[in-house]
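Undergrad: One structure, pasted below without further comment.
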Amino acid sequence: MQVVVLAGGVGASRFLAGLVSLIRPEQITAVVNVGDDFEQLGLQISPDLDTVLYTLGGLVHPDQGWGRADESSNALSAAAALGGPDWFFLGDKDIGLHLVRTNRLGAGERLSSITADFARRLGIGIRLLPSTDDPVTTMLETLGGTFDFQTYFVRRRHTDEVDAVRYEGAAEALPAEGVLDALATADLAIIAPSNPFLSIGPILAVPGIADALAERRGPTAAVTPIIGGRAVKGPADRLLRRFYGEASPVTVAEHYRDLITHMLIDSADQDELARLKAHGIRAQAVDTLMSDSAARARVARAVLELAER
Ligand code: GDP
């Protein structure tokens, strides 16, 4: 069996960790968002790819869910003392990875090739693909102005009221090698518990990817990022209310209409099962909060079982 997972950062990485504990890593392809990628202090940073690398490589900061464990911040402190920006946290070890990536991108290597090499060096057996090797930047139009993702999310702490989300560069981007093939041939496709607009949206905006998902013959299952009307973290609930009037598994399913056949929702929302059924979606409710490794495995197992129904 082959499984392909569309992935954002922390929620997706925890889900992938659960999946890796159940099936062989060679059975898994992750297609990861690059709409958050940006440059800081000359470094090319790919936050979602790094979160997956650190999580599956066993290096991640366990409570935070992103960045590395046992991290120091000497370089960033020294940069700040000289007037450099320090609103985006960059640990010393993390900077080591960004230096190598930046160097190799500068020498003309593709992000997908660098990512595959990092995954191999960190002992990660899954196939880890950026959605595209081309630049895509998630832009948010808000009452306070138009911002790139990191400015909106980190610098302004996602407090601005969002009017529209755009994926700059997406229309000209090509899916990275292997992405369309994985979507077409995998026995199961999964949309991880990630922000539908800010993590999954920029993946689906790359021409060909949403079509490949829609044309699949096998099941495609989404894992809800919403529990009891709220996002576990971040602005997914506010964005769903803004664009669909309600934050619930049903509006997530509406957002993914024509793309998904199955949905794993939280036990807190089991009243929604009937509404999802009316939308033609086969759904099941379990506890989806991935607080520890047992919970991650439970959520991943529930998706694998649900997809067989
Ligand atoms: P990112 O790192 O910016 O991609 O953000 P996260 O992946 O941490 O969070 C994105 C979405 O995933 C949010 O809407 C969260 O509600 C959701 N999410 C994060 N962790 C979990 C979890 O343990 N369970 C569920 N069901 N959703 C989660």
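Undergrad: Quick one: in region 227-254, of everything that is in contact with an Asp or Glu (Cβ under 6 Å, 6 or more places away or on another chain) and of a type in the set (Val, Ile, Thr), which residue is farthest from the ligand (Cβ to nearest atom)?
TA: 250
Undergrad: Same structure again: Is there any pair with a first residue in region 87-109 that is surrounded by 14 or more Cβ atoms within 10 Å (Cβ to Cβ) and a second that is at pLDDT below 95 and among the aliphatic types (A, V, I, L, M) whose Cβ atoms are under 7 Å apart and which are 6 or more apart or on different chains, and what are they?
TA: Once the first residue is surrounded by 14 or more Cβ atoms within 10 Å (Cβ to Cβ) and sits in region 87-109, its partners that are at pLDDT below 95 and among the aliphatic types (A, V, I, L, M) give 88/154.
Undergrad: All but one of (1) part of a loop (DSSP other than H, G, I, E, B); (2) buried (at least 19 other Cβ atoms within 10 Å of the Cβ) hold for residue 246; which doesn't?
TA: (2)
Undergrad: Now for a separate question. Please state which of the following conditions residue 282 fails to meet, knowing it meets all the rest: (1) in contact with an Asp or Glu (Cβ under 7 Å, 6 or more places away or on another chain); (2) away from the ligand (no atom under 11 Å from the Cβ).
TA: Checking residue 282 against (1) in contact with an Asp or Glu (Cβ under 7 Å, 6 or more places away or on another chain); (2) away from the ligand (no atom under 11 Å from the Cβ), the one that fails is (1).
Undergrad: For region 155-168, check the following and say yes or no: at least one residue is touching a Phe, Trp or Tyr at 6+ places or on another chain (Cβ under 7 Å), surrounded by fewer than 17 Cβ atoms within 10 Å (Cβ to Cβ) and either within 18 Å of residue 40 (Cβ to Cβ) or β-branched (Val, Ile, Thr) (or both).
TA: Checked against the condition, which is being touching a Phe, Trp or Tyr at 6+ places or on another chain (Cβ under 7 Å), surrounded by fewer than 17 Cβ atoms within 10 Å (Cβ to Cβ) and either within 18 Å of residue 40 (Cβ to Cβ) or β-branched (Val, Ile, Thr) (or both), region 155-168 yields at least one hit.
Undergrad: Next question. Out of all the residues in region 167-203, which are assigned to a strand (DSSP E or B) and touching a residue at least 40 places away in the same chain (Cβ under 8 Å)?
TA: 167, 175, 188, 189, 190, 191
Undergrad: Report every pair of residues separated by at least 6 positions or lying on different chains whose Cβ atoms are under 6 Å apart, first residue within region 230-255 and over 24 Å from residue 280 (Cβ atoms) and in contact (Cβ under 8 Å) with a residue 12 or more places away in the chain, second acidic (Asp, Glu) and within 14 Å of the ligand (Cβ to nearest atom).
TA: 230/237; 231/237
Undergrad: Sticking with this one: Would you check if residue 210 is crowded, with 22+ Cβ neighbours inside 10 Å and in contact (Cβ under 8 Å) with a residue 40 or more places away in the chain? Outline the logic, then answer.
TA: Values: crowded, with 22+ Cβ neighbours inside 10 Å: no; in contact (Cβ under 8 Å) with a residue 40 or more places away in the chain: yes.
Answer is no for this residue.
Undergrad: How about region 82-107: which of its residues are over 20 Å from residue 153 (Cα atoms), under 23 Å from the mean Cα position of the chain (by Cα) and small (Gly, Ala, Ser)?
TA: 96
The values are calculated or read from the model by the stated rules, or taken from the named source; none is laboratory data. Just so we're clear, the structure is a prediction, and the values are computed from it rather than from any experiment. For neighbour counting, all protein chains shown are included, and Cβ atoms are generated from backbone atoms with ideal geometry for every residue, glycine included.
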